[in-house]
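See structure below.
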Amino acid sequence: MIKFLDLQKINAQYADELKQVAAEVIDSGWYLLGERVKQFESGLEALQEGGNAIAVANGLDALRLIFKAYIELGLMQEGDEVIVPANTYIASVLAITDNKLAPILVEPDLNTFNLDFNLIESRITSKTKAIMVVHLYGRVCWNAELEALAKRHNLKIIEDNAQAIGARWNGIRTGNLGDAAGFSFYPGKNLGALGDSGAVTAKDDELAKTIRTLANYGSAQKYVNQYQGLNSRMDEIQAAFLNVKLPYVDKEIACRREIADYYIENIKNPNIILPEKVTDEEHVWHLFVIRTSKRDELQTYLTENGIHTLIHYPIPLHKQSCYLDLNNLVLPLTEQIHQEVLSLPMSPVMSKGEIIRVVEILKKFKI
Ligand SMILES: *Cc1c(COP(=O)(O)O)cnc(C)c1O
């Protein structure tokens, strides 16, 4: 079986170092809010080439904390609206609704899978406070008009950078394009911990300080609680693992780009729509997502031929039972995407033989 993502093989590359640092954390007797988390935050700031990094418990919390901080700072309030792509992973929207803000779902562009920039302005009301861009599948969602639009309407731009660490737009890392960004280091992400963890990056120092305080029970000074905060801290052991893996992020992304290039050049099948080729810096290929009108048949065919695939995502969030109030929205492109997408195997450790086999099997798929 060709695995969708071979986590075991990815982490095996670093196993000696990972075991070494785990032993050091165990022996240290210090498991939270320590040197390793500080080192990770500095490492992330260096990778990002600027900004303030705050290590937190997971990617969802990273996004939740950004809105919570804006609320504490008086810049947003209950009922305010946030524009967000309708085809994102549910975490983006949970971060909004958890703070009692209203998600305004906007359709994506079918070619990029990202927010359709042309549809944003007409959805802005007097209650709109922010646009959340999601660099979905690892492709940058940004342009100069978006920046100008946000400035014109005095909106914050929050980046969901869970899938796109390492990408750049005009040389700037995603996560440093907007006002603040959420990162996830879920094991399957391009920089994966060995458990849950995440981070926020924020340009503004005051915002960063508020997020750091909120993530630690709303307390900047022990037993003094300024806000009703959360417990959302990165473990020292996860920080230690991430410190081992962080220096290899760009190298692993380069492997992903090679696989994506090979797929794009060689998968020739009229029944399959490939993702667009963009400049290297604008895509980190967290997922390689194709479309076909016969998605379920293609997935079965690939499974029968020993190729494991996944669907990102099978049910759009406006059709989920947790969002009954959104269930009657009509979002045809989003619905089409959820019916047609299939994610091909994509790991930095795939062998040349595996990559070639995926291509050969796909070429032979007939409707
Ligand atoms: C993974 C992911 C998240 C959430 O990250 P967790 O660490 O799993 O909480 C948020 N948004 C997107 C787009 C993601 O892919």
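The values are calculated or read from the model by the stated rules, or taken from the named source; none is laboratory data. Every value quoted in this text rests on a predicted model; they were computed, and no experiment measured them. Here the Cβ positions follow ideal geometry from the backbone for every residue, glycine too, while neighbour counts run over all protein chains shown. Ligands, DNA and RNA are excluded from the accessible area calculation, which covers all protein heavy atoms including side chains. Shrake-Rupley method; radii C 1.70, N 1.55, O 1.52, S 1.80 Å.
A few points about this structure:
- Ser347 outside any loop (DSSP other than H, G, I, E, B), among the polar types (S, T, N, Q), within 21 Å of Asp261 (Cβ to Cβ) and under 21 Å from the mean Cα position of the chain (by Cα): no
- Boolean, Glu24 is in contact with a Gly (Cβ under 9 Å, 6 or more places away or on another chain), assigned to a helix (DSSP H, G or I), open to solvent by 20 Å² or more (accessible area, probe 1.4 Å) and more than 30 Å from Ser126 (Cβ to Cβ): no
- Within the stretch 133-165, the set of residues being part of a strand (DSSP E or B), touching a residue at least 60 places away in the same chain (Cβ under 8 Å) and within 11 Å of the ligand (Cβ to nearest atom) comprises Asp160 only.
- Any hit, the stretch 215-227, residues being at pLDDT 95 or above, of a type outside the set (Lys, Arg) and surrounded by 23 or more Cβ atoms within 10 Å (Cβ to Cβ): yes
- Test: Ile158 is open to solvent by 10 Å² or more (accessible area, probe 1.4 Å) and among the β-branched types (Val, Ile, Thr): no
- Sole exception among (1) more than 16 Å from the ligand (Cβ to nearest atom); (2) open to solvent by less than 10 Å² (accessible area, probe 1.4 Å); (3) under 16 Å from the mean Cα position of the chain (by Cα); (4) not β-branched (Val, Ile, Thr) for Arg168, by number: (2)
- Residue satisfying condition, being in a helix (DSSP H, G or I) and open to solvent by 50 Å² or more (accessible area, probe 1.4 Å), within set Lys251, Lys268, Lys277: Lys251
- Checking each residue of the stretch 111-124 against the condition of being within 16 Å of the ligand (Cβ to nearest atom) and either open to solvent by 20 Å² or more (accessible area, probe 1.4 Å) or touching an Asp or Glu at 6+ places or on another chain (Cβ under 7 Å) (or both) gives at least one match.
- Subset of the stretch 171-206 [hydroxyl-bearing (Ser, Thr, Tyr) and more than 10 Å from the ligand (Cβ to nearest atom)]: Thr174, Thr201
- Scanning the stretch 71-93 for residues that are of a type in the set (Val, Ile, Thr), open to solvent by 10 Å² or more (accessible area, probe 1.4 Å) and within 9 Å of the ligand (Cβ to nearest atom) yields one hit, Ile90.
- Selection within the stretch 309-344 - open to solvent by less than 50 Å² (accessible area, probe 1.4 Å), under 22 Å from Phe4 (Cα atoms) and not in a helix (DSSP H, G or I): Thr309, Ile311, His312, Tyr313, Pro316, Val341, Leu342, Ser343, Leu344
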